[in-house]
Amino acid sequence: MTRPSPRAVRRLIGLGLLVLWEAVPRLGLLPELFVPPLTKTLAVLWLDRSIYGAALLVTLYEVAAAMLIACGVGILVGAVVGGVATLRNLLLPVFSSLYAVPIVILYPIFTAWFGIGSESKIAFAGVYGFFPVMLSTAAGIRTIDEQYLLAARSMGATLPQLIARVIIPASIPTVLAGLRLGGALTIIGVVVSEMLTSASGIGYLVTMNRTILDSPRVFAAIIVVLALSVVFDIIVRAVERRTLVWQTAGRRTASPEAVMPARLATV
Amino acid sequence: MQHMAQLSLGQEQSQGAAVEVRGLGHIYAGRDGAVPALTDIDLNVPAGRFVVIVGPSGCGKTSLLMMLAGLRTQTSGTILVDGRSIATPDPSRVGVVFQEASLYPWLTAVENVEFPLVLKNAPRDERRARAEAMLNLVGLSGFGGRYPHELSGGMKQRVSIARGLVQDPPVLLMDEPFAALDEQTRMTMGHELLRIWSQTSKTVVFITHSLTEAVYLADEVIVMSARPGRILDRVPIDLPRPRTYQMMATDVFGALRERIWHQIRDVP
């Protein structure tokens with residue numbers, strides 16, 4: 001008997017959870033108010049597809065704008081802070097500490113500044129996602145192997161060439177890891193801020209339906225957010241695979257014998 | 001015979017010198033004030049010569065190499081490479097091969113080799129052809145598409161040598177290029193380097209910790225001392241070329257090795 005692959009096991013567990021989701025409320029093990037059956041949730045989602053679609057568009061717009069801010073500003077500030085020693089020593093400890101602050105407590109201030117529309121969500125989620133992007137960019141630049149830079153200089157690289165051809169490619173893996181985390185935090189930031197104070201978006205649908213105890217519609221919104229996160233993850237993975245061929249390429253081991261010129265064997 | 005002729009050239013001879021160092025000194029600002037790192041370094045390497053520098057850690061041999069490469073500036077004295085001073089790196093005059101594989105992991109072998117040509121905006125076809133020719137020279141034809149992590153340690157250093165030679169500089173500087181390799185690969189690489197050297201007639205300045213490697217490779221071994229770094233001895237190695245592994249077992253080889261070892265050991 002062959003052992004099932006982890007992938008197969010994962011799918012089996014996923015399928016089992018879906019079955020449980022349907023069976024537990026149907027069998028009366030949990031009231032439908034707590035967990036509405038999967039089919040009922042999906043039915044509501046289909047019925048209200050125009051509402052959910054419109055809400056998703058709002059959320060997507062906010063996420064996209066916030067990611068642009070988080071990634072753009074994060075990479076820029078991270079590059080400067082990581083590259084300039086004095087700035088690094090001055091700012092990095094501060095940024096690292098700020099990262100630990102639950103920024104969500106600042107959200108009321110954001111609504112005061114930007115109102116309860118999309119702007120406050122974008123600003124809040126942008127700040128939320130900024131920190132991991134900025135910190136990993138700084139780390140990526142700071143941890144570049146000195147030898148890479150020395151070699152490039154010995155080959156006559158100018159500063160712009162050094163940046164474009166060595167520093168940027170060398171820091172891509174760390175920056176991508178930060179983008180992945182920052183992107184996920186941006187989605188969280190948008191949804192959470194929508195749940196707190198707003199009149200549109202998926203997060204708003206969760207809160208609104210929660211207050212009227214319409215559980216299937218709450219869960220339908222949750223499914224949409226889950227789908228959003230999964231799609232984001234798939235996109236990031238695809239980008240990583242494309243960019244990091246040199247890291248993920250099959251670790252074929254080259255045999256030195258294959259290259260050693262035959263005449264050496266006679267020496 | 002050619003080597004014997006070169007050996008007879010005196011220290012004063014400067015015509016045809018590929019590398020010429022006069023009264024070089026270097027002082028760096030340490031924690032306890034100024035520390036002399038190098039003093040009174042005079043070095044004259046005629047074109048086509050293979051010179052090996054040995055010395056204890058901290059004798060400044062790597063600093064000296066960095067200065068020859070234009071990567072660091074000396075406090076005093078002059079350095080002429082190919083007859084001109086070298087204030088900034090010039091890969092068309094000096095190629096450098098570093099200890100650790102300083103290849104870029106995001107580039108394939110051939111892309112690594114052509115990197116210096118990319119920096120000079122050479123046409124794509126031209127630089128690719130040149131890089132392929134260099135890979136061929138170091139015995140790696142057919143491996144151009146591999147990424148560094150797909151190559152063995154010895155193969156990576158072959159790529160580094162190919163990269164150092166791609167602009168056809170008259171001088172090749174090597175900073176302990178085989179130190180990270182296992183003994184067997186190291187011997188093979190030494191032999192390969194001599195083959196490449198004899199095919200390209202470059203001037204080589206090579207740093208190592210291995211006295212066997214030094215005697216095996218060199219026309220002349222420069223022995224340095226630490227704190228401050230200065231030249232203790234210049235040992236001509238008049239073993240015939242091509243060198244063979246059998247020579248290592250000879251008395252002459254052993255005596256040369258012993259002479260160098262005594263000087264390094266006697267330094268406190």
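The values are calculated or read from the model by the stated rules, or taken from the named source; none is laboratory data. Bear in mind the structure is a predicted one, so any value in this text is a computation, not a measurement. So basically every Cβ, Gly included, is an ideal-geometry build from the backbone, and we count neighbours across all protein chains shown.
The table for this structure:
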{"quantity": "Residue match in region A:67-81 (condition: assigned to a helix (DSSP H, G or I) and within 28 Å of A:PHE219 (Cβ to Cβ))", "calculated": "yes"}
{"quantity": "Output for region B:52-70, where each listed residue is touching a helix residue (DSSP H, G or I) at 6+ places or on another chain (Cβ under 7 Å) and not in a loop (DSSP other than H, G, I, E, B)", "calculated": "B:VAL52, B:ILE53, B:VAL54"}
{"quantity": "Within region B:47-82, tally of residues that are more than 14 Å from every other protein chain (Cβ to nearest Cβ), without any contact (Cβ under 8 Å) to a residue 60 or more places away in the chain and among the small types (Gly, Ala, Ser)", "calculated": "2"}
{"quantity": "Subset of region B:196-217 that is in contact with a Pro (Cβ under 8 Å, 6 or more places away or on another chain) and of a type outside the set (S, T, N, Q) - its residue that is surrounded by the fewest Cβ atoms within 10 Å (Cβ to Cβ)", "calculated": "B:LYS202"}
{"quantity": "Matching residues in region B:239-253 - criterion: being touching a residue at least 12 places away in the same chain (Cβ under 8 Å) and aliphatic (A, V, I, L, M)", "calculated": "B:LEU239, B:MET247, B:MET248, B:VAL252"}
{"quantity": "Selection from region B:85-100 of residues that are surrounded by fewer than 17 Cβ atoms within 10 Å (Cβ to Cβ), free of Cβ contacts under 8 Å to residues at least 40 places away in the same chain and facing chain A (nearest Cβ under 9 Å)", "calculated": "B:THR88"}
{"quantity": "Qualifying residue in region A:84-104 (condition: surrounded by 14 or more Cβ atoms within 10 Å (Cβ to Cβ), at pLDDT below 90 and closer than 25 Å to A:ASN209 by Cβ)", "calculated": "yes"}
{"quantity": "In region B:37-90, the residues that are small (Gly, Ala, Ser), within 16 Å of the chain's Cα centre (by Cα) and within 15 Å of B:ILE231 (Cβ to Cβ)", "calculated": "B:GLY55, B:GLY60, B:SER63"}
{"quantity": "Matching entry among B:LEU38, B:LEU43, B:LEU103 (being crowded, with 22+ Cβ neighbours inside 10 Å and away from chain A (no Cβ under 14 Å))", "calculated": "B:LEU38"}
{"quantity": "Criterion violated by A:LYS121 - all others in (1) surrounded by fewer than 21 Cβ atoms within 10 Å (Cβ to Cβ); (2) within 20 Å of the chain's Cα centre (by Cα); (3) not aromatic (Phe, Trp, Tyr) satisfied", "calculated": "(1)"}
{"quantity": "Matching option when the condition is within 12 Å of chain A (Cβ to nearest Cβ), aliphatic (A, V, I, L, M), closer than 27 Å to B:SER210 by Cα and over 18 Å from the mean Cα position of the chain (by Cα), among B:LEU119, B:LEU151", "calculated": "B:LEU151"}
{"quantity": "So A:LEU179, is it crowded, with 17+ Cβ neighbours inside 10 Å, more than 13 Å from chain B (Cβ to nearest Cβ) and of a type outside the set (Ser, Thr, Tyr)", "calculated": "yes"}
{"quantity": "Qualifying position, being more than 14 Å from every other protein chain (Cβ to nearest Cβ), under 30 Å from B:TRP106 (Cβ atoms) and part of a helix (DSSP H, G or I), among A:TYR99, A:TYR204", "calculated": "A:TYR99"}
{"quantity": "Qualifying residue in region B:173-193 (condition: over 24 Å from B:GLY60 (Cα atoms), of a type in the set (Ser, Thr, Tyr) and in contact with a Leu (Cβ under 9 Å, 6 or more places away or on another chain))", "calculated": "yes"}
{"quantity": "Residue satisfying condition, being surrounded by 15 or more Cβ atoms within 10 Å (Cβ to Cβ), in contact with a Phe, Trp or Tyr (Cβ under 7 Å, 6 or more places away or on another chain) and within 13 Å of chain B (Cβ to nearest Cβ), within set A:PRO169, A:PRO173", "calculated": "A:PRO169"}
{"quantity": "When residues of region B:129-148 are limited to those that are assigned to a helix (DSSP H, G or I) and in contact with a helix residue (DSSP H, G or I) (Cβ under 7 Å, 6 or more places away or on another chain), the one nearest to the other protein chains (Cβ to nearest Cβ)", "calculated": "B:PRO148"}
{"quantity": "Total residues in region B:157-187, condition in contact with a Pro (Cβ under 8 Å, 6 or more places away or on another chain) and surrounded by fewer than 21 Cβ atoms within 10 Å (Cβ to Cβ)", "calculated": "1"}
{"quantity": "Residues within region A:9-53 that are farther than 19 Å from A:VAL230 by Cβ, small (Gly, Ala, Ser) and free of Cβ contacts under 8 Å to residues at least 40 places away in the same chain, tallied", "calculated": "3"}
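Rundown of residues vs (1) under 17 Å from B:HIS149 (Cβ atoms); (2) assigned to a helix (DSSP H, G or I), yes/no style:
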{"site": "B:SER92", "(1), (2)": "no, no"}
{"site": "B:VAL96", "(1), (2)": "no, no"}
{"site": "B:GLU111", "(1), (2)": "yes, yes"}
{"site": "B:ASP125", "(1), (2)": "no, yes"}
